[in-house]
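All remarks here apply to the structure that follows.
The values are calculated or read from the model by the stated rules, or taken from the named source; none is laboratory data. All values derive from a computational prediction rather than experimental measurement. With ideal geometry, Cβ positions are generated from the backbone for all residues, glycine too; neighbour counts draw on all protein chains shown.
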Amino acid sequence: MLPPVAAVHDIVAAITPADDLEATHRRETLRWLERTDDVFRRIKPATPPRHLVSYVVPITPEGDILLVDHVKAELWLPPGGHVDPDEHPADTARREAREELGVEVEVRPAFLTATVTGGIGAGHTDVSIWYLVPGDRGWSVPEHDEFRAARWWTPPEIAAAGEVFDPHFRRFLRKLSSTTGKIQTQSET
């Protein structure tokens, strides 16, 4: 088994950037990984000030995506959370799906972002690996103290919504649509 930083380096290096910003995030993240031996949040909310997050992005064959209204971020986000010390980011994604959605899932890394956080506890950088998960609208999402609500968003609803999502969510959708031919909506072309 690879040491945690080496495993994260391999995941990040394998993600093909979809645009210049993802390429920048990937380059900066690889540099960060080469200079640190600790990528985990040790003290909430921001020690160290840059640390790993795994997002779980459940998506149905029709392109509906499950998002949660996150209390601290004050945005609609994919479910997910901080990677625990010595935990593999894919294991984090599976754990978060179990804890927040009550489901066992297979995950595939698809997108990378490095974001200075907003909302409550703002100001640190979350390096987030976005994992795609086959979703099922039949899932009933248990209540959770980290979010106010959870719901499935259809592509037209996403297109009609304002700036209520993670700041990189629409870029993620463009990347997804360029690889699958789905999700793209008129307002995003």
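Details
- Looking across Val127, Val133, Val116, Val56, one residue alone is under 15 Å from the mean Cα position of the chain (by Cα) and free of Cβ contacts under 8 Å to residues at least 12 places away in the same chain. It is Val116.
- For the range 100-124, a tally of residues being within 23 Å of Pro167 (Cβ to Cβ) and part of a loop (DSSP other than H, G, I, E, B) returns 9.
- Screening the range 125-145 for residues that are touching a helix residue (DSSP H, G or I) at 6+ places or on another chain (Cβ under 7 Å) and not in a strand (DSSP E or B) and picking the one that is surrounded by the fewest Cβ atoms within 10 Å (Cβ to Cβ) gives Trp139.
- Condition met for Ala7 (over 17 Å from the mean Cα position of the chain (by Cα) and either outside any strand (DSSP E or B) or at pLDDT 95 or above (or both)): yes
- Residues that are modelled with pLDDT under 90 and aliphatic (A, V, I, L, M) within the range 102-125 comprise Val116, Ile120, Ala122, listed in sequence order.
- Restricting Pro109, Pro17, Pro79 to those that are within 21 Å of Ser178 (Cα to Cα) and in contact with a Pro (Cβ under 9 Å, 6 or more places away or on another chain) reduces the list to Pro109.
- Tally, over the range 36-64, of residues that are more than 20 Å from Glu104 (Cα to Cα), surrounded by 15 or more Cβ atoms within 10 Å (Cβ to Cβ) and in contact with a strand residue (DSSP E or B) (Cβ under 7 Å, 6 or more places away or on another chain): 6
- Which numbered condition Lys182 fails, given (1) among the charged types (D, E, K, R); (2) modelled with pLDDT of 85 or more; (3) over 17 Å from the mean Cα position of the chain (by Cα): (2)
- Meets criteria (modelled with pLDDT of 90 or more, among the hydrophobic types (A, V, I, L, M, F, W, C), surrounded by 16 or more Cβ atoms within 10 Å (Cβ to Cβ) and outside any helix (DSSP H, G or I)) for Leu33: no
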